[in-house]
Amino acid sequence: MAPIELIYDRGTILLRSTIGVEVPHFFKFDERVNAFRALAIYYLDTLRFFKEREYEVIDHVLNLVEGKLVVVRKFWLRSYQNEALKAWLMNDSRGVVVLPTGSGKTIVALAAIAHHRCPTLVVVPTLELMDQWESKVRRFFETNIGRYGGGRKEMGFITISTYDSAYINAEVLGNKFKLIIFDEVHHLPSSGYRQIAELSAAPCRLGLTATPEREDGLHIDLSYLVGKIVYRKGVKELSGKYLADFDVITIRVKLKSEEKERYRQFVRKYRAYLRKHGIKIRSIKDFENMVMRSGLDREAREALLAWREARRIAFNASEKMLALKEILSKHRGDKVIIFTENTDMVRRISKELLIPEVTYKTDDDERRAVLEGFRTGKFRAIVTSRVLEEGVDVPDANVAIILSGTGSRREFIQRLGRVLRPKNGRAVLYELVTASTGETRVSRKRKKALGENGVTL
Amino acid sequence: MVLPSDLLVARVKGGFVYPLYSHFLDHELYIADQLIDIFKSHIGDERGKLEREVKEIENEAFRIGCDYRFARGLAHLLYRRTKFAKPKVRISPLRARLEVFAEASRRFGGFVLNEKERSEILKTVAKRLGVSVDDLVISFEAAYEDKEVLVSFSELSAKELLKLYNLSLTQTLLFKALHLIADVNISGTATKILLFNVKKLGLMYVAERTNYGIRLYIDGPASALVQTERYGTRIAELLPHIMTARKWKISAKVKRRGRIYKFYITSKLSYLFPKIKLRRTEYDSTVEEVFHKRFQTLGSGWRIEREPEPLIARRSIFIPDFAFIKGSTKVYLEIVGFWTREYLERKLKKLRELENVNMILAVNKKLACSKISNLGYENIIYFKDKLPAPEVYIVLKKYEKEQPKPKAEIQEKVNILNLPPEVERFLNSLRVAKLSLIINRLKKYGLSTEQVIKLLECKGFKIEWKGISLDDVIVRKSFS
């Protein structure tokens, strides 16, 4: 019998010479090319399947990036990092490691690369994290580094890519690497990004996150896309010894009487519209429907604008600025990060208090200079919107102030994580909530996350 | 050009989705005109000012009964036709800002908390940089996007803008397409350019001949396995290429807010869209042109025809570049661009399915993506820069056998040649040799490859075509 040929075709595997051969169930017959086809993620399963049946296989799937990697610096893993690495290796180099922000997840991934010394693709959510990964790879290894994302498309022995770029270029990247690392892996299961994993033949896979759970429940697909959770430690188990202890202080801010009046007016208008049309907003979808309706329907549009205005008043109460100043006055000389949902508010704080801002609009040179300056202590405070949410190293910060935010639990933990870097002394997290507005509910919701992660207040 | 998905204005009904196209109604033209005017009149102004005025038009559009997303969509397209520049300032914004922030950290531990502290910092830094406080503040704020200056705007008419908008709406809808079926009625070259783009975009197609013309089922490799919008962005990019056809019909399945709808449109509505010209730029046809000329001067007795009709084999399509006709015999030639070994193998497999069709493949060695190996197909010609007409003629000769040789014609051609005695002597001494060697020997006498072949035929040499490379051709004196 002729040997079976496996060919990589843009994120999929094609089988040739399969006359009279049993084909695994994940292959489908593709009439366009008269051959069986499967997603590249089944590469390993395919090899295993034919091996068990003792078929001869000619394998053209992987076309690995050429090069080599030399480890130039010794790894010192903390005991839990070492345990995590071992657990992953024991699971055939597949699976997800869950560790709190600031506990050194990256070093586990670098140790995994050092172990395999093979072509590796690292997928990260932001350009900021790309920079950070690149400098860490340079610290530990001598190798050629490629980048995909931020206008660049260079393949290297270690290639670092954003999720967006990895998604767009999945066909090309799919058979060039043996190991694929997903930083902040909770992004992966979404309907687009998951294809990075599905169209990849990489046999070794590592996912890193502090919070694998997704509100849409799709985290159950992680074990198919990357592998099961092989190691998990929460904030509570590591705090004190490896992470800073921290306090959470909630500060209630009152609306000024004229603000209160306007807030009520807008809320009334919005609710009246809902009542009149019998609309109930129970989910994002309900809300989207209302936005769609507002395209031509004057009433709907006005109700929506009222809702936005009410929200803006609650989140940006002028008293918040005063409260912020009061908090700051206690922390001169500390390392402070201020988070706020609203970019106008970021600008206002930056301009009035002369604090460097970091938002998606900040140009690259300035952002790098500011983050670098914050690390070295040249700048002692930063105000930001969402850019610093994820995994970016801002060491030493010991005060975080949440001026306004969404109800997202992940966001809350990640922001908390900013001040949880190993250091001496305690960290403080302030949150400002406008009393008797919808914002109190939002705050309650996000703090539920603390309970889940075993943090006591 | 694609709009942000929240600006896609469409209606759904009975499983179909209909983008709400502009039909160039008065109030639509009015809004388009207003917006274009604003962009025109704000050249040299700050972006912030322009943005505020554009917002104003959005509100006005809403007041006169337009969807505000319509006005916002038009504005989006207009912003794409602008160039903004950073304002000119005394000191670089980056330097001004970093100095100010650093000074605030040094002096007050991270931030200023009142006006007094703030002006102290600004004064100190202004003095250090040798500018006034006002200039410092201007430089500081120059980093903000709304301080950018509109330097150019590429104008268009209101109707052109609305047509562009209609195209963008369609492309935005197709962004979430699962697949697309296109019926086109176009020439061979246009088909070739279309399919070239299908391939360039990493898409796949299955072709079928219909009464209408050609039907193409377009999706991507993974579409056979999972329902995916992955190829939607590329399908949207393909749309203008399809619209270059004389007549076209498009049907697609698109995902919209979690549900799948059908979308259908034909060239009957092409008046709604910009006139799209066939883009030949990315498709270099010099090889074809040069070959066409050279073959005609060869005097081979074969009539050459450019861009013959596409051939369909089962589910795939061949677009020959040339057809050669002699009597009742027709031979096609297709020039293959970028290729890999697998691609050629697939192609040959498909070729074998074309029964009763004579096809020569000309493969450009320079565009190889993998090594050439023996593919077991006799009608392949490899070339580098120019596709050599004589080599094609050599292959064509195989099809001539059944037909009587038009000897008179050849005789006539060669009589024109005034042969130097050295050539006569060389030919008389020749018994058997490789054709390539003879060509080399006679080059210095100004004889082209074509002329050498003619000459040999006239002098009664037998030319044995063992392969298609000139090295494989043996010339033998025939004593019959």
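The values are calculated or read from the model by the stated rules, or taken from the named source; none is laboratory data. Owing to the predicted nature of the structure, the values given are computational and were not obtained by experimental measurement. FYI the Cβ positions are ideal-geometry reconstructions off the backbone, even for glycines, and counts take in every protein chain you see.
Going through region B:55-110 one residue at a time, which ones are surrounded by fewer than 19 Cβ atoms within 10 Å (Cβ to Cβ), within 29 Å of B:Ile31 (Cα to Cα) and of a type in the set (Ser, Thr, Tyr)? B:Tyr79, B:Thr82 - these are the residues of region B:55-110 that are surrounded by fewer than 19 Cβ atoms within 10 Å (Cβ to Cβ), within 29 Å of B:Ile31 (Cα to Cα) and of a type in the set (Ser, Thr, Tyr). Filtered by the rule that a residue be of a type in the set (Phe, Trp, Tyr) and at the interface with chain B (Cβ under 9 Å from one of its Cβ atoms), region A:28-54 gives a lone residue, A:Phe29. Residue check: is A:Ala303 in contact with a Leu (Cβ under 8 Å, 6 or more places away or on another chain), within 17 Å of A:Val383 (Cα to Cα) and either surrounded by fewer than 16 Cβ atoms within 10 Å (Cβ to Cβ) or more than 12 Å from chain B (Cβ to nearest Cβ) (or both)? Criteria not met by A:Ala303.
Here is a yes/no grid of residues against (1) of a type in the set (Val, Ile, Thr); (2) within 14 Å of chain A (Cβ to nearest Cβ); (3) more than 16 Å from B:Leu7 (Cβ to Cβ):
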position	(1), (2), (3)
B:Leu50	no, no, yes
B:Glu56	no, no, yes
B:Arg63	no, yes, yes
B:Tyr68	no, yes, no
B:Leu74	no, no, no
B:Leu77	no, no, no
B:Arg95	no, yes, yes
B:Val100	yes, yes, yes
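Filtering region B:274-290 for residues that are part of a strand (DSSP E or B) and modelled with pLDDT of 85 or more leaves an empty set. Region A:185-238 holds helices (runs of 4 or more DSSP H) entirely within its bounds, and those carrying 1 or more residues that are within 14 Å of chain B (Cβ to nearest Cβ) map to A:194-198, A:222-225. Within region B:450-480, the residues that satisfy the criterion of being under 19 Å from B:Ala362 (Cβ atoms) and at pLDDT 75 or above are B:Ile453, B:Val473.
Please verify whether B:Val151 is within 14 Å of chain A (Cβ to nearest Cβ), at pLDDT 90 or above and surrounded by fewer than 19 Cβ atoms within 10 Å (Cβ to Cβ), treating the condition exactly as stated.
Details: within 14 Å of chain A (Cβ to nearest Cβ): no; at pLDDT 90 or above: yes; surrounded by fewer than 19 Cβ atoms within 10 Å (Cβ to Cβ): yes.
No; evaluated as a whole, the condition is false for this residue.
Would you confirm whether any residue within region B:3-11 is of a type in the set (D, E, K, R), surrounded by 15 or more Cβ atoms within 10 Å (Cβ to Cβ) and within 34 Å of the chain's Cα centre (by Cα)?
no
Looking only at residues that are assigned to a loop (DSSP other than H, G, I, E, B) and away from every other protein chain (no Cβ under 14 Å) in region B:229-262, which one is nearest to A:Gly192 (Cα to Cα)? Ranking the candidates gives B:Met243 first. Residues considered: A:Leu353, A:Leu274. Of these, the only one that is assigned by TED's automatic domain parsing to the domain that holds A:Tyr263 and either loosely packed, with under 15 Cβ neighbours inside 10 Å or touching a residue at least 24 places away in the same chain (Cβ under 8 Å) (or both) is A:Leu274.
Can we say A:Lys254 is away from chain B (no Cβ under 14 Å) and free of Cβ contacts under 8 Å to residues at least 60 places away in the same chain? For A:Lys254, the condition - away from chain B (no Cβ under 14 Å) and free of Cβ contacts under 8 Å to residues at least 60 places away in the same chain - is not met. Picking from residues in region A:315-358 that are over 24 Å from the mean Cα position of the chain (by Cα) and of a type in the set (Ser, Thr, Tyr), the one that is nearest to the other protein chains (Cβ to nearest Cβ) is A:Ser329.
For A:Ser135, the criteria (1) buried (at least 20 other Cβ atoms within 10 Å of the Cβ); (2) hydroxyl-bearing (Ser, Thr, Tyr); (3) assigned to a helix (DSSP H, G or I) hold in every case but one, which is (1). Going through (1) at positive phi; (2) at pLDDT below 90 one by one, A:Arg10 falls short only on (2).
Restricting region A:40-54 to residues that are exposed (fewer than 15 other Cβ atoms within 10 Å of the Cβ) and touching a residue at least 12 places away in the same chain (Cβ under 8 Å), which is nearest to the chain's Cα centre (by Cα)? Applying the filter and picking the extreme gives A:Asp45.
In region B:213-228, of all residues being more than 15 Å from B:Ala190 (Cβ to Cβ), more than 8 Å from every other protein chain (Cβ to nearest Cβ) and not in a strand (DSSP E or B), the one that is modelled with the lowest pLDDT corresponds to B:Gln227.
Being buried (at least 16 other Cβ atoms within 10 Å of the Cβ) and at pLDDT 80 or above is a property that A:Ile313 lacks. A:Leu64 satisfies every condition listed in (1) assigned to a loop (DSSP other than H, G, I, E, B); (2) touching a residue at least 40 places away in the same chain (Cβ under 8 Å); (3) within 14 Å of chain B (Cβ to nearest Cβ) except (3).
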